[in-house]
Amino acid sequence: MASQDWAWRSYRLPDIPLPVENWRVTARADNMEAMAVLILSGHHLGFLPEHFARPMVEQGLLRALNPALFCYHPTFHMVSRQTARQGEVVSAFMQDLLAAHQLQAPRGQPD
């Protein structure tokens, strides 16, 4: 795998220990769609989120290569302005996002 050309994000990602040492990044993309085009070209290996790649996997266009080894799970953070009362739209969005990920608002945060 180290001898293959890789596509990677053009923006900074958290330090992610990848299982390939001395890997060759020969293309960069700033969005998932561009990353998918590079991978679909057959000239690059790269990472795509499972939910994004699923339709292409189901069509037989892509397949995961050793997903137990070649994966990473970044941490996402949700932040908002600290106010006495969140707007209804912001509050509803935050509640939906937390519910979708089966999380609860931190103690002391508006529901």
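Structural remarks
- Near the amide H of Asp5, within less than 5 Å, lie the amide hydrogens of Leu45, all on another chain or at least 5 residues away, with H placed in the peptide plane.
- The sum of -39500 (n - 2.57) across all DSSP H runs of n ≥ 4, divided by the residue count of the chain, sets its helix-only mean residue ellipticity at 222 nm to -8500 deg cm²/dmol.
- FRET efficiency, Asn22 to Ala100 (Cβ-Cβ, R0 35 Å, nearest 0.05): 0.35
- Pairwise label distance in nanometres, Asn66 with Asn31, each label 7 Å out on the Cα-Cβ vector: 3.3 nm
A short reminder: the numbers here are calculations on the coordinates, not readings from a lab. Please read these numbers as outputs of a predicted model, since none were measured by experiment. Because the Cβ atoms are built from the backbone with ideal geometry, glycine has one as well, and the counts that use them run over all protein chains shown.
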